[in-house]
Amino acid sequence: AAKEAGKNRYKCYDGTDQAGASELMELRSYLRKALSRGELELYYQPQIQAGSAQLVGMEALLRWNHPKLGPVSPQQFIPLAEETGLIVEIGEWVLRVACAQNKAWQEAGFPELRIAVNLSARQFASGDVAASVRGALEASGLEPRYLELEITENMAMKNENLPTLELLRDMGITLSIDDFGTQHSSLGYLKSLPISRIKIDRSFVSGIGKDERDEAIIHAMMLVARRLKLSVVAEGVETEAQYRFLAEHECDDIQGFLFYRPQPAELIRKVLLQHWKS
Ligand code: C2E
Ligand code: MG
Ligand code: MG
Ligand code: MG
């Protein structure tokens, strides 16, 4: 019974609930062992081209399956991994697995896709991100153009991150701004940074058809992106109406439950087979 309670306890934390201090400490110590115990797994969520519905990429999303607690949400454990510094090691693992998986799909004969990996601020602050990325590419044999790195506005705005971002861009990697429009940043940085893609945050997408202000913001984002020659992907697309609005506003790519949920690699293989059969 205690096991069951524990399960539900952690499951419902979504960053909105306040976890107790002792629970957080417990979670932190479990997390320290998660990687070596093989409890971490990558899920992949397909991205499709608006209009053609062709698969163009995948976002790698980290999952933690704790044997007793059950699945722990990344909203819950990523902040802990950042705070403890574990994110550097975990992030390196994510890069390696994602690149190797993408290469494996290519070698299985599927058309080439780009794989997007989330980076955290702490990876820039306390690790050599460029070296981790290079290591993952070399170990897997994946060409850099099939890798995309997602960073947040705050990470993009930090002057000290600029040399690394330029290095990554020069390697041929795509850099995108995740959760675009949700943090404290100016639009001006878009012109001087080596960014080529923005991800419209779900909080705007969910207002489509309900709140004209969200629609106005998306419209403005699309205009800026087009003029700056940035590609745009919308995340969290759940309804036909949202999809139609985004396609009409010339959003390049779509990611969301309407098309695909994040899934483990074995299931994505089936998605790929299905998508390209015939
Ligand atoms: P994110 O990078 O913005 O990822 C998108 C999140 O939206 C994912 O949540 C995904 O499952 C969810 N999502 C996608 N489509 C829909 C939809 O149609 N409806 C709804 N309601 N949700 C949708 P997830 O997988 O729980 O990840 C949460 C966050 O955790 C990510 O947000 C990212 O910030 C972080 N994260 C995940 N994996 C990693 C990782 O490997 N490294 C780092 N540093 N952060 C990660
Ligand atoms: Mg992301
Ligand atoms: Mg996002
Ligand atoms: Mg998000």
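Some values worked out for this structure:
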quantity: Residues of segment 96-123 satisfying the condition of being of a type in the set (Phe, Trp, Tyr) and crowded, with 20+ Cβ neighbours inside 10 Å; calculated: Trp105
quantity: Selection within segment 106-152 - more than 21 Å from Tyr189 (Cα to Cα) and part of a strand (DSSP E or B); calculated: Arg114, Ile115, Ala116, Val117, Leu147
quantity: Close pairs (6 angstrom Cβ cut-off, 6 or more residues apart or separate chains): closer than 21 Å to Trp64 by Cβ and more than 16 Å from ligand 3 (Cβ to nearest atom) in segment 255-275, open to solvent by less than 50 Å² (accessible area, probe 1.4 Å) and not hydrophobic (A, V, I, L, M, F, W, C) anywhere; calculated: Ala265/Gln101; Ile268/Tyr44
quantity: Residue satisfying all of: in segment 180-195; within 15 Å of ligand 1 (Cβ to nearest atom) and open to solvent by 50 Å² or more (accessible area, probe 1.4 Å); modelled with the highest pLDDT among these; calculated: Thr182
quantity: Filtered residues of segment 62-95 (kept if more than 16 Å from ligand 4 (Cβ to nearest atom), open to solvent by 40 Å² or more (accessible area, probe 1.4 Å) and either farther than 23 Å from Ser140 by Cβ or among the basic types (Lys, Arg) (or both)); calculated: Asn65, Pro67, Lys68, Pro71, Glu83, Thr84
quantity: Output for segment 196-233, where each listed residue is under 16 Å from the mean Cα position of the chain (by Cα) and surrounded by 20 or more Cβ atoms within 10 Å (Cβ to Cβ); calculated: Arg197, Ile198, Lys199, Ile200, Asp201, Val232, Val233
quantity: Top-ranked residue of segment 47-61 - restricted to ones that are within 16 Å of ligand 2 (Cβ to nearest atom) and not β-branched (Val, Ile, Thr), ranked as most open to solvent (accessible area, probe 1.4 Å); calculated: Leu61
quantity: Every pair of residues 6+ apart whose Cβ atoms lie under 7 Å, when the first sits in segment 186-206 and is among the hydrophobic types (A, V, I, L, M, F, W, C) while the second is open to solvent by 50 Å² or more (accessible area, probe 1.4 Å) and within 16 Å of ligand 4 (Cβ to nearest atom); calculated: Phe204/Ile217
quantity: Single condition Glu238 does not satisfy, out of (1) open to solvent by 20 Å² or more (accessible area, probe 1.4 Å); (2) out of contact with any Ser or Thr (no Cβ under 8 Å at 6 or more places or on another chain); calculated: (2)
quantity: Residues satisfying the stated conditions in segment 145-167, i.e. more than 16 Å from ligand 2 (Cβ to nearest atom) and either open to solvent by less than 40 Å² (accessible area, probe 1.4 Å) or out of contact with any Gly (no Cβ under 9 Å at 6 or more places or on another chain) (or both); calculated: Tyr146, Met157, Lys158, Asn159, Glu160, Asn161, Leu162, Pro163, Thr164, Leu165, Glu166, Leu167
quantity: Top-ranked residue in segment 241-278 [being open to solvent by 40 Å² or more (accessible area, probe 1.4 Å) and polar (S, T, N, Q); ranked as farthest from ligand 4 (Cβ to nearest atom)]; calculated: Ser278
quantity: Verdict on Ala125 being within 15 Å of ligand 4 (Cβ to nearest atom), of a type in the set (Gly, Ala, Ser) and out of contact with any Gly (no Cβ under 9 Å at 6 or more places or on another chain); calculated: no
quantity: Qualifying residue in segment 179-190 (condition: within 16 Å of ligand 3 (Cβ to nearest atom) and of a type in the set (Phe, Trp, Tyr)); calculated: yes
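The values are calculated or read from the model by the stated rules, or taken from the named source; none is laboratory data. What you see is a predicted model, and the numbers here were worked out from it, not measured in a lab. Every residue, glycine among them, receives a Cβ derived from its backbone with ideal geometry; neighbour counts consider all protein chains shown. Just so you know, the surface numbers come from the protein's heavy atoms only, side chains and all, with ligands and any DNA or RNA stripped out. Shrake-Rupley method; radii C 1.70, N 1.55, O 1.52, S 1.80 Å.
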